[in-house]
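Peer 1: I have a structure I would like to understand better, so I am pasting it below and will then ask my questions one at a time.
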Amino acid sequence: MGGLDDLYQELILDHYRKRRNQGTLGEPTVAVDHNNPLCGDEIHLEVLIEDGQLVDVRHTGQGCSISQSSASMMSEAAKSLPLPEALDLVEHFRLMMHGTEEGDEDRLGDAIALEGVARYPVRVKCALLSWMALKDAIETYTRDGRTDGNGRDGHPDGEA
């Protein structure tokens, strides 16, 4: 298993060095901030949602290689998914991180490389940070019925 572990470690480092979907959106549908006060990891997540689908996912933040590469991997895996599928993906990743479900590489893409993090309980929160931020963003959108980054109801003039 050493060869696969080495490959996964390289994939994690590649996502840390060359983060995918890093940055901000001009007008996100929802933006959320999450942090882990125990270690200092921070994530600012912005999503663009249209017709019940994640059209774009962007992130900024700072922290360890696990938290930041996980954000990169999450953004790739979740982009273009319908909201229910994105929430299912978050739950699948969460269960994998807690060791109660084997990761599905077809669903997770590069994020399967984080499966070994489950062996290190103090690092699980690092890996989950951006995924929980995505869940929060989708739940905020669903709860508030927001369709743009300004909390309006989607009408061009901001009126209902």
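The values are calculated or read from the model by the stated rules, or taken from the named source; none is laboratory data. These numbers come from a predicted model, not from an experiment. Note: ideal-geometry Cβ built from the backbone for every residue, glycine included; neighbour counts use all protein chains shown.
Peer 1: Can you name every residue in the stretch 79-116 that is small (Gly, Ala, Ser), in contact with a helix residue (DSSP H, G or I) (Cβ under 8 Å, 6 or more places away or on another chain) and farther than 25 Å from residue 6 by Cα?
Peer 2: Selection gives 86 alone.
Peer 1: Just for helices (runs of 4 or more DSSP H) wholly inside the stretch 36-138: which have at least 2 residues that are crowded, with 19+ Cβ neighbours inside 10 Å?
Peer 2: Output list reads 65-78, 83-97.
Peer 1: Could you please let me know if residue 72 is in contact with a Phe, Trp or Tyr (Cβ under 8 Å, 6 or more places away or on another chain), within 18 Å of residue 114 (Cα to Cα) and modelled with pLDDT of 95 or more?
Peer 2: Judged against the criteria, residue 72 is a match.
Peer 1: List, please: which pairs have Cβ atoms under 7 Å, are six or more places apart or on different chains, and start with a residue in the stretch 71-98 that is more than 15 Å from residue 48 (Cα to Cα) and end with one that is among the small types (Gly, Ala, Ser) and in a loop (DSSP other than H, G, I, E, B)?
Peer 2: 96/103
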